[in-house]
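Since the structure comes first, as structure tokens, the remarks are kept for the end.
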Amino acid sequence: MSIPFVDLKAQYLSLKEEIDGAIQNVINDTAFIGNSNNKYVKAFESAFSAYLEIDHCIACANGTDSLEIILKAMGIGVDDEVIVPALSWIATSEAVSSVGATPVFVDIEPDYYTIDATLITQSITSKTKAIIPVHLYGHPADMEAIMNIAGKYNLMVIEDCAQAHGAEIEGQKVGTIGHAGSFSFFPGKNLGAYGDAGGIVTNDAELAKTCRMIGQHGQPGKKHVHYMEGRNSRMDGIQAAILNVKLPHLEKWTNKRLVHAHYYTKILASIVKTPKTKPGYKHVFHLYVLETDKREKLIAALGNAAIDTAIQYPTPLPFLDAYKNRGYKETDFPVAIEKTRLIVSIPIYPELKEEQIQQISEIIKNIK
Ligand SMILES: *Cc1c(COP(=O)(O)O)cnc(C)c1O
């Protein structure tokens, strides 16, 4: 039996009636657009901020816009620099460039793949305005060290939580530790809509107000009043209604991911390098990422059994064609370079079955 990398269909079937009903309700109400009085979007914003224990949630169109809107609301733009990790999805650095600022890449920690906080200070210049730590694969970045540096140099911290819904440090959820948090609800994320969707969270009321205005064409909520030029970045009513059905299941799904991860680790820890979790941190296993020097063989062996794998990511951000003009050398980001040659992600999602984990692990164990 084939095993997909993620199985969105299995999750849909487990909630089919509720989801179908929620979509029908939005259609009956013609509540399609997430403007300031859409009750489905408002309900999601309240529920998600309650879940995170944070004051404000502003729904938006996707998890790239959320980063971009936060940067813009903080007044970050041309001539500014923003520190980002060398390993992430391109959205993290793209958002920085989109507002006219320059992403400055910093290498990652060898054990957790998140930005190496000990290397941040040497990358700070008089132009540095913010740091965007990414809680990559679902493991929180070292927020204590990052917030200390930010305090010392007067920098803003925007947490990219696109892969880390519900991840925690000492019981505090990510997204609530920095000045603002950015979430993606892309279908394959730990909390996923049925299309693009994103969210901004913060405890800063002024920042929240500005973010909301930017995403709504600069409107403060009144028709024909525009305080500024903004943009169109709204969450659809249908996406909000789907997320409202799914959010109450998130903790249970996260627990299942953790159980699966522990089971994989129990079988595989002596064979390949399995993911580590920093003491006091809660990893939410958006991805289960192994390291092995037999990566090609592993991908081929699982592929032969119709089991999907992925590499997140094969190329560190500084070496993407998009940043070719920056002229980086491999020795600038030695850890990211080494890791991207060894990492491989195997299927993990709440609906994965114990037998499937055994089957996948058995194949990995037998690789010569
Ligand atoms: C998915 C992702 C994003 C972007 O989210 P979209 O909703 O697809 O725009 C940003 N950062 C990281 C780390 C991601 O994984």
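Derivation of every value follows stated rules applied to the coordinates shown; laboratory data play no part. The structure displayed is predicted, hence computed values, not measured ones. Positions of Cβ are backbone-derived with ideal geometry, glycine not excepted, and every protein chain shown enters the neighbour counts.
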Under a point-charge model restricted to the Cβ atoms of Lys and Arg (+1) and Asp and Glu (-1), what is the dipole moment magnitude of region 1-123 relative to its Cα centre, in debye to the nearest 20? 480 debye
Where the only charges are on Cβ atoms (+1 Lys, Arg; -1 Asp, Glu), what is the dipole of region 223-333 about its Cα centre, to the nearest 20 debye? 360 debye
Over region 229-335, what is the mean sequence separation of C-alpha contacts under 8 Å (at least six apart), divided by residue count, expressed as relative contact order in percent? 15 percent
For the chain, what is the charge dipole size about the Cα centre, in debye to the nearest 20, if Lys and Arg each add +1 at the Cβ and Asp and Glu each add -1 at the Cβ? 300 debye
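Using Cα pairs closer than 8 Å and at least 6 residues apart in sequence, work out the relative contact order for region 123-167, in percent. Present the calculation step by step, with values, prior to reporting the outcome.
Numbers: 53 pairs, mean separation 22.5, N = 45.
Reported relative contact order: 50 percent.
Give me D for the chain in µm² s⁻¹, whole number, from Stokes-Einstein with Rh from the Kirkwood sum over alpha-carbon pairs, 4 °C and 1.567 mPa s. Before the final figure, lay out the partial values.
Numbers: Rh = 21.2 Å.
Result for D is 61 µm²/s.
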What residue among G230, G215, G21 has the largest mean-square fluctuation in a Gaussian network model of the chain, using Cα springs under 10 Å? G21
Choice from A301, A240, A61 showing the highest fluctuation, given a GNM over the chain with Cα pairs closer than 10 Å: A301
Determine ³J(HN,Hα), in whole Hz, for all residues of region 7-21 in sequence, where each value follows from phi through the Karplus function 6.51 cos²θ - 1.76 cosθ + 1.60 and θ = phi - 60°; x replaces Gly and Pro. 10, 6, 5, 4, 5, 4, 4, 6, 10, 3, 4, 5, 5, 4, x
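Which trypsin sites (Lys or Arg not before Pro) does region 175-235 hold that lie in a coil by DSSP with at most 13 other beta carbons within 10 Å?
Details: sites: K189, K209, R212, K222, K223, R231, R234; in loops: K189, K222, K223, R231, R234.
Listed in order of number, the matching sites are K222, K223.
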For region 166-287, what mean projected area does the convex hull of the alpha carbons give, in nm²? 9.6 nm²
For the chain, build the charge dipole from Cβ charges (+1 Lys, Arg; -1 Asp, Glu) around the Cα centre, then report which of I158, I364, I146 sits farthest towards its positive end. I364
For K353, the aspartates and glutamates lying under 16 Å Cα to Cα, once residues fewer than eight places off in the same chain are dropped, come out as D7, D308, E362
Candidates N25, N203, N35, ranked by Gaussian network fluctuation over the chain, Cα under 10 Å, top entry: N25
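How fast does region 187-240 diffuse by Stokes-Einstein, in µm²/s, taking the Kirkwood radius from C-alpha pairs at 4 °C and 1.567 mPa s?
Numbers: Rh = 12.4 Å.
Answer, rounded: 104 µm²/s.
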Selection from F183, Q219, H286 lying farthest towards where the dipole of the chain points positive, charges on Cβ: H286
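For region 240-368, what does the convex hull of the Cα positions come to per residue, in cubic angstrom? Each step should come with its number before you reach the end.
Working: hull volume 21.7 nm³, N = 129.
Convex hull of Cα atoms, per residue: 168 Å³.
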